[in-house]
Structures are given as C-alpha cells and as structure tokens.
1. Take peptides 47-58, 115-126, 22-33 and line them up by average Cβ neighbours within 10 Å, highest first, as a rough protection proxy.
2. Give the distance, in whole Å, between the Cα centre of the stretch 101-161 and the Cα centre of the stretch 10-41.
3. Just in the stretch 104-158: which chymotrypsin sites (Phe, Trp or Tyr not before Pro) are loop by DSSP and have at most 16 other Cβ atoms within 10 Å?
Amino acid sequence: MPFRNQPSRDRGASLVEFALISPFLLLLLLGTIEFGYVFGQYNEVRHAAREGARYAAVSNPDLDGGGIGSSDVVNAVCNSIDLPGSTVTVTMTEVDTAGSAINGGAKPDRGDYGEVHISATIKSLSGAPLITSFLPSQLTNAATFRLEQDAAWTAGDSGSC
C-alpha cells in the first residue's frame, strides 16, 4: 500500500481553476442577459412602429374633418412604447408602391402609402462597458401602411416623446 499516507499535490487546484474561469463565465452570463434585454427593447420599438402605422391607417378623422395629425400618431406610438429613460423619435413619410420615400410637402391622399419610422435610444441594463460596446445604443424600425382616409399630416412630419 504505497499510496496510503501520501499528501495530495492537487489540493486547491480546482479553486484556482475556478478563479481563472469565473470572470469569463460571469461575462457570458451578463452578456446573455443584456442581449435578451436589448432584444426585448427591439420588440417594443417594432410593436410601437406597427401600432403607429395601424393608427395612422385606420383611425377615424377628427370631428372637424381634418383627419388625424402627426401629433396623434406620435401620441399613439408614445402610449404603446415602454422604454424607461429613452428618447423616442417618430417620423412619418409618404412612400410609393416600391417603398421609396416621396419628397415631403404634400398631404397624402386616401389609398397612398405611408411609413412610420421610429428611432429610440436605449440604455444598458448592466452598464458593463465590455458588454455594451458590442450592443447598439439606438434601435430603429419602420412600418408601412396604406391610408384608408385622407391624411392630415404632411410627409416628413416628426415628433418625439
């Protein structure tokens, strides 16, 4: 029995190995959580763009017959988005059937196509510079719609919340 009383030379090796690998594991965990948080914020921006487009396309005109204005669409977007501490910019444009923007200055008519563009600055959940350097600081999205009534907004109108 030669191994009966010999001390182990590997004592503490697992602790040293864990100390070496734990920063990478923590970085991987925080990165995964941060990516999920940014993905959730992207879904908020995408949802708000669709909500603004839906509101611009099908909402009833105002009582004065002027139709909904860009401020009404901006309010619909701002009410549907929940990004704490973020600045959200909403721009409305008229587009042709191929999706190219038409120069502003005129109010689109019934049957024309429009687009709601949303740009939102986002904040980091962890604030770790090593992680946030790989993530965007601004998210954008757009939704195209067909007008069901004459628009009261002019192509190029914008607002923020």
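1. Numbers: 47-58: 21.4, 115-126: 18.8, 22-33: 11.7.
Highest mean packing first, the order is 47-58, 115-126, 22-33.
2. Cα centres, the stretch 101-161 to the stretch 10-41: 36 Å.
3. Numbers: sites: 113, 134, 145, 153; in loops: 134, 153.
The qualifying sites are 134.
Values in this text are rule-based calculations from the coordinates and carry no lab data. For clarity, every value in this text was computed on a predicted model and none was experimentally measured. Here Cβ is always computed from backbone atoms with ideal geometry, including for glycine, and neighbour counts include all displayed protein chains.
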